[in-house]
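Participant: Attaching a single structure in C-alpha cells format; questions to follow.
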Amino acid sequence: VLILPYSQIGTRTVLWNNNPFMQAWARMGAAQGRMASTLIPLGDLLDVTQAQDDPALRYDKMLLDTMVRRYEATEAIILIAEKKPDQSLSVSMYSTQSAIPAFIKTIDIAAKPGLPENTLYEDAVREVQAALRQDWKQKTEIDPTQLATLKARARFENVQEWIRIKRAVEGVSGVNSVKVQGLKPKEAIIRIEYLGGEQRLMPAFSQAGIILNAPYQPNQYNAQLQGDRIYDIRLGTVGRY
C-alpha cells in the first residue's frame, strides 16, 4: 500500500514540504526497514507532479494510478493529520480506489505532555499501521459464497520463471483456479478464479510474495479481452505483513 501522509496546516494540506507527518513515516521506515506492506513516496519530480499538496482529496485518478504502479503497490491511501487545540492529533484515512476518495475512518492520538511533537506523529504512524493490519485480517477472511475472477498479465524471461509465477498464484489461499487465456514467449494473460472477493485477495497475494499492480484497460489484446481490467502480476518478497 502506498501511503500519502498529509498534514493539515491551517486551511491547506501539505505533502512534500515541511510535513511533520511525512517526516515521521520516513523516520519509522528508516528505523524498521520497509514497514509491513506500506511505503511512502520518495518525493522526486514525478511524485510531485502526480500527487499535489493541496487539496489532498482532489487528485487526478489517472496520475495517481500511474504513481501506484511505479511503486509496485496495489493501492494508495491518503492520510490527513490535523493537530487539535488540545495538542492531540486526528488522522483521517481515505481510500483512492475510485476517482472520488472514500472515507475509511478517523484515528485520534492523545497528546503526551512533556514529550516532543515528533513522538505524537510517530504514535500516529503506529496507530495507522495497526489499523491497516486489522483491516488486512478482516479482508483475508474467506467468504465461501463469494466467487469472483480477475485477469492479470504475467511477464517472464523464461519458461521456468513462468512456471514459478503460475504455481505461486495457484498456491494462494482462496484461489480456485488459474486459466491461461493468452500466451506469448515472455508474457501470459491469466484468469484467476477465487473465493472471498477482491479485497481479500489483494492482501493474500502480498502475503504470498506476489505483487499485483494497479489494473489498466487493455487495448493491445484480442477482442475477448477488451473491456476487462488487467492487473500486472509478478513475484516479489514473501510476507511483508
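Participant: For segment 7-112, which strands (runs of 3 or more DSSP E) that fit wholly inside it have 3 or more residues that are surrounded by 14 or more Cβ atoms within 10 Å (Cβ to Cβ)?
Facilitator: 76-83, 89-95, 102-109
Participant: Can you tell me which residues in segment 35-67 are in contact with a Pro (Cβ under 6 Å, 6 or more places away or on another chain) and not acidic (Asp, Glu)?
Facilitator: LEU57
Participant: Only one of (1) modelled with pLDDT of 90 or more; (2) surrounded by 17 or more Cβ atoms within 10 Å (Cβ to Cβ) fails for ARG200. Which number is that?
Facilitator: ARG200 satisfies every listed condition except (1).
Participant: With the structure loaded, tell me whether ASP232 is part of a strand (DSSP E or B) and at pLDDT below 90 or whether it fails that test.
Facilitator: Answer is yes for this residue.
Participant: Okay, next question. Quick check on my filter: what residues within segment 1-28 are under 16 Å from ALA130 (Cβ atoms) and at pLDDT below 90?
Facilitator: VAL1, MET28
Participant: Return yes when VAL175 is hydrophobic (A, V, I, L, M, F, W, C), modelled with pLDDT of 85 or more, over 22 Å from LEU4 (Cβ atoms) and exposed (fewer than 15 other Cβ atoms within 10 Å of the Cβ) and no when it is not.
Facilitator: Answer is no for this residue.
Participant: Do we find a residue being under 14 Å from ARG234 (Cα atoms) and outside any strand (DSSP E or B) anywhere in segment 187-201?
Facilitator: The answer is no, given that none of the residues of segment 187-201 is under 14 Å from ARG234 (Cα atoms) and outside any strand (DSSP E or B).
Participant: Among the numbered conditions (1) surrounded by fewer than 19 Cβ atoms within 10 Å (Cβ to Cβ); (2) in a helix (DSSP H, G or I), tell me where TRP162 comes up short.
Facilitator: (1)
Participant: Considering only residues of segment 134-159 that are out of contact with any Ser or Thr (no Cβ under 9 Å at 6 or more places or on another chain) and in a helix (DSSP H, G or I), which is modelled with the highest pLDDT?
Facilitator: VAL159
Participant: Scan segment 157-197 for residues that are hydrophobic (A, V, I, L, M, F, W, C) and under 16 Å from LEU212 (Cα atoms) and jot them down.
Facilitator: TRP162, ILE165, ALA168, VAL169, VAL172, VAL175, VAL178, ALA188, ILE189, ILE190, ILE192
The values are calculated or read from the model by the stated rules, or taken from the named source; none is laboratory data. Everything quoted here is computed from the prediction, not taken from an experiment. Because the Cβ atoms are built from the backbone with ideal geometry, glycine has one as well, and the counts that use them run over all protein chains shown.
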